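These notes are about the structure you will find just below.
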Amino acid sequence: MNKDWIPGKILAISPHADDIELGAGGAIHKWTSDGATAYMFVFSTLEQMEIRRDEAIEAAKILGIEKENVTILDYPNRRFDEFRQGILQNLVDLEKEIKPDLVLVPCRTDRHQDHEVVTAEAIRAFKKTTILGYEAPWNMTESSLPVTVLLSAANIRAKESAVVAHKTQQHRPYTNKKFIWSLAEVRGLVAGGKYGESMEAIRWIL
């Protein structure tokens with residue numbers, strides 16, 4: 001694939017606030033900087049909804065996503081399976097409204113129960129759309145990530161800033177600056193670059 005490929009419209013789906021920034025923040029920043037339009041859809045803020053909503057909007061702005069393109073819902077944490085039909089309907093509505101060229105979801109080997117539900121329903125909803133799965137290593141015991149998006153230092157700085165925007169989550173080890181940069185270096189190295197993000201090819205439509 002051409003390394004300069006830019007999807008026109010990206011739908012970045014985040015089960016919880018900050019998942020998408022951690023898994024695909026660099027790629028989103030790269031693509032929006034090159035002219036793509038991105039939409040962020042967050043299913044849950046976990047807690048402190050008003051504070052975390054503001055954090056998510058600020059993080060989205062850093063990645064090049066306009067405030068009007070951010071939707072944040074309040075499904076209960078770790079109970080998405082009880083609301084599977086509603087989540088599917090949310091995604092079907094997004095497919096009709098946005099008609100994205102690329103959908104980003106957690107990869108299929110992410111074992112967080114909420115992430116599993118969102119990804120499974122996204123596969124049902126976006127039958128004619130390219131879907132990439134982003135990684136969350138702390139939720140995974142195995143992975144197959146053959147797609148690497150090569151990134152610049154500016155993309156990783158934006159990713160780091162977007163993660164830092166989630167001030168209430170800075171106690172978590174995976175928000176650590178060293179972890180973010182180290183993983184980016186590993187993912188870039190395996191593809192012959194300096195930095196990168198690796199993803200699963202769930203559905204690829206040429």
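The values are calculated or read from the model by the stated rules, or taken from the named source; none is laboratory data. Only a predicted model underlies this, so the values are computations on that prediction, with no experimental measurement involved. Cβ atoms come from the backbone with ideal geometry, glycine included; neighbour counts cover every protein chain shown.
Here are the numbers for the structure shown:
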read-out: Residue selected from the range 47-57 under the condition surrounded by 18 or more Cβ atoms within 10 Å (Cβ to Cβ) and touching a helix residue (DSSP H, G or I) at 6+ places or on another chain (Cβ under 8 Å), by the criterion nearest to Gln113 (Cα to Cα); value: Arg52
read-out: The one condition in (1) at pLDDT below 95; (2) among the charged types (D, E, K, R); (3) in contact with a Lys or Arg (Cβ under 7 Å, 6 or more places away or on another chain) that Glu50 fails to fulfil; value: (3)
read-out: Looking only at the range 124-135, and only at residues there that are surrounded by 20 or more Cβ atoms within 10 Å (Cβ to Cβ) and within 15 Å of the chain's Cα centre (by Cα), the one that is farthest from Asp101 (Cα to Cα); value: Glu135
read-out: Tally, over the range 41-57, of residues that are assigned to a helix (DSSP H, G or I) and within 15 Å of the chain's Cα centre (by Cα); value: 2
read-out: Condition broken by Glu160, with the remaining ones in (1) under 30 Å from Met49 (Cα atoms); (2) over 15 Å from the mean Cα position of the chain (by Cα) satisfied; value: (2)
read-out: Tally of residues being more than 21 Å from Ala136 (Cβ to Cβ) and assigned to a helix (DSSP H, G or I) across the range 12-40; value: 2
read-out: Answer residue from the range 68-99, given it is over 16 Å from Met49 (Cβ atoms), in contact with a Phe, Trp or Tyr (Cβ under 9 Å, 6 or more places away or on another chain) and polar (S, T, N, Q) and is surrounded by the fewest Cβ atoms within 10 Å (Cβ to Cβ) among those; value: Asn69
read-out: Residues that are more than 22 Å from Arg187 (Cβ to Cβ) and of a type outside the set (Ser, Thr, Tyr), drawn from the range 122-136; value: Ala122, Ile123, Arg124, Ala125, Phe126, Lys127, Lys128
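Here is a yes/no grid of residues against (1) over 13 Å from Gly25 (Cβ atoms); (2) not small (Gly, Ala, Ser):
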| site | (1), (2) |
| --- | --- |
| Ile131 | yes, yes |
| Ala136 | no, no |
| Pro146 | yes, yes |
| Gln169 | yes, yes |
| Leu189 | yes, yes |
| Lys194 | yes, yes |
| Ser198 | yes, no |
| Arg203 | yes, yes |
